[in-house]
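Student: Dropping a structure here in structure tokens format, bear with me for questions.
The values are calculated or read from the model by the stated rules, or taken from the named source; none is laboratory data. Everything quoted here is computed from the prediction, not taken from an experiment. Every residue, glycine among them, receives a Cβ derived from its backbone with ideal geometry; neighbour counts consider all protein chains shown.
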Amino acid sequence: MTTANHGTPSASFSNLSPDSVLDALDASGLHGDGRLLALNSYENRVYQVGMEQGPPVVVKFYRPQRWSDAAILEEHALVTQLHEQEIPVVPAMQIGGKTLHEYQGYRLSVFPRQGGRAPELDAPGTLEWIGRLMGRIHAVGATEHFVERPALDLQTFGEQPRAWLLEHDFIPPELLESWKTISAQALDGVRRCYDRAGDIRLLRLHGDCHPGNVLWTDDGPHFVDFDDSRSGPAIQDLWMLLSGERSEMLSQFSDLLAGYEDFFEFQPRELYLLEALRTLRLLHYSGWLAMRWDDPAFPLAFPWFNTVRYWQDRILELREQVALMDEPPLWPF
């Protein structure tokens, strides 16, 4: 949600044609063979490109005005640091000594293609394996701090998207008071969770570690898409791997932690933040969709957004979260 006013405003994705994708790759020093496949991405534009020599590559064009160059390079530096520690991630390729390139106002990076399948989280050993790697990621993430990238917190993921939605009249008039009231109550609940958690250690995180960003091959899991990398509590990279009833999440978290703590110590008081972070993600997601609604790809991909039914469901969802945030924390010990 937090944007940085960088990049060339006139460089809209609507002007990003197949020819310009190939020309941009040529300008960076690599030469495609004309084969081009658009990959599933909404925030940026991402393409698999066949090469004249060697395997295909993945080219990411960054959304203008979202991140500064320095913030993008901080992400690249973290992923490179992880890769150098032999942690299975996919770093941006160094081409001509650079990982970030520019072509006619577009900023782009090139990555080796590395596929995989969704992890079977209920398979024996899967969560413990992922936990070991996440512990290693956090051990590296704790060695330095982001300077350009913001923290994931109450303000950036809660107060800012809520204010933006209200200022831009996205809430239907007949639901406005209900949504204002429940979203304010939700943020109050988040504050109480942070108060109970106390002083929390902030790390450089993956930031968006849902199962779709953990790909599995015969060699095990690898982590992709650090585009949302931010500073935050360790639990942010763990809670999205949990699902189901409380007893199920307790078992899943115990499995994660069994691997995680081989490499990095988890602070148990962060469990007070689990439902708070889930609440912030819900508010942030609505704000993200609204802020991108003038991108033609979004109404096509998310036709259900901004309907009366959508906001009714969000009100019910936030009511559930308000109740959950006042329950005792998940505690696997």
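Student: Take Gln312 and tell me if it is buried (at least 16 other Cβ atoms within 10 Å of the Cβ), assigned to a helix (DSSP H, G or I), at negative phi and at pLDDT 95 or above.
Tutor: no
Student: Does Leu300 count as surrounded by fewer than 16 Cβ atoms within 10 Å (Cβ to Cβ) and either in the same structural domain as Leu241 (by TED's automatic domain parsing) or not in a helix (DSSP H, G or I) (or both)?
Tutor: yes
Student: Continuing with the same structure: Under the condition of being part of a helix (DSSP H, G or I) and in contact with a helix residue (DSSP H, G or I) (Cβ under 9 Å, 6 or more places away or on another chain), which residue from the range 259-273 is surrounded by the most Cβ atoms within 10 Å (Cβ to Cβ)?
Tutor: Among them, the one singled out is Tyr260.
Student: Across the range 45-56, what is the total count of residues that are surrounded by fewer than 20 Cβ atoms within 10 Å (Cβ to Cβ) and more than 10 Å from Leu108 (Cα to Cα)?
Tutor: Matching residues across the range 45-56 total 8.
Student: While we're here: Which ones in the range 201-223 are in a loop (DSSP other than H, G, I, E, B), in contact (Cβ under 8 Å) with a residue 60 or more places away in the chain and under 13 Å from the mean Cα position of the chain (by Cα)?
Tutor: Leu205, His206, Cys209
The rows are residues; the columns are (1) more than 23 Å from Glu74 (Cβ to Cβ); (2) surrounded by 18 or more Cβ atoms within 10 Å (Cβ to Cβ).
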| site | (1), (2) |
| --- | --- |
| Phe226 | no, yes |
| Gly232 | no, yes |
| Glu245 | yes, no |
| Leu257 | yes, yes |
| Glu275 | yes, yes |
| Ser286 | yes, yes |
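Student: Quickly run through the range 27-55 and pick out the residues that are of a type in the set (Phe, Trp, Tyr) and over 20 Å from Trp288 (Cα atoms).
Tutor: Tyr47
Student: For the subset of the range 118-163 comprising residues that are farther than 30 Å from Ser183 by Cβ and among the polar types (S, T, N, Q), which member is surrounded by the fewest Cβ atoms within 10 Å (Cβ to Cβ)?
Tutor: Thr143
Student: Next question, about the same structure. Restrict the check to the range 89-100 and report whether at least one residue is closer than 27 Å to Ser254 by Cα, in contact with a Leu (Cβ under 8 Å, 6 or more places away or on another chain) and at pLDDT 95 or above.
Tutor: Yes; the residues of the range 89-100 include at least one that is closer than 27 Å to Ser254 by Cα, in contact with a Leu (Cβ under 8 Å, 6 or more places away or on another chain) and at pLDDT 95 or above.
Student: While we're here: Before we move on, is Phe305 farther than 24 Å from Ala184 by Cα, of a type in the set (Phe, Trp, Tyr) and in the same structural domain as His210 (by TED's automatic domain parsing)?
Tutor: No, not satisfied.
Student: So which of Leu108, Leu166, Leu127 ends up being at pLDDT 95 or above and either farther than 25 Å from Arg63 by Cβ or out of contact with any helix residue (DSSP H, G or I) (no Cβ under 9 Å at 6 or more places or on another chain) (or both)?
Tutor: Just one listed residue meets the conditions, Leu127.
Student: I'd like to verify a number: residues in the range 239-258 that are touching a helix residue (DSSP H, G or I) at 6+ places or on another chain (Cβ under 7 Å) and assigned to a helix (DSSP H, G or I), how many?
Tutor: Going through the range 239-258 one residue at a time, the tally reaches 7.
Student: Something else about it: Of the residues in the range 201-224, how many are under 22 Å from His145 (Cβ atoms) and at pLDDT below 95?
Tutor: 0
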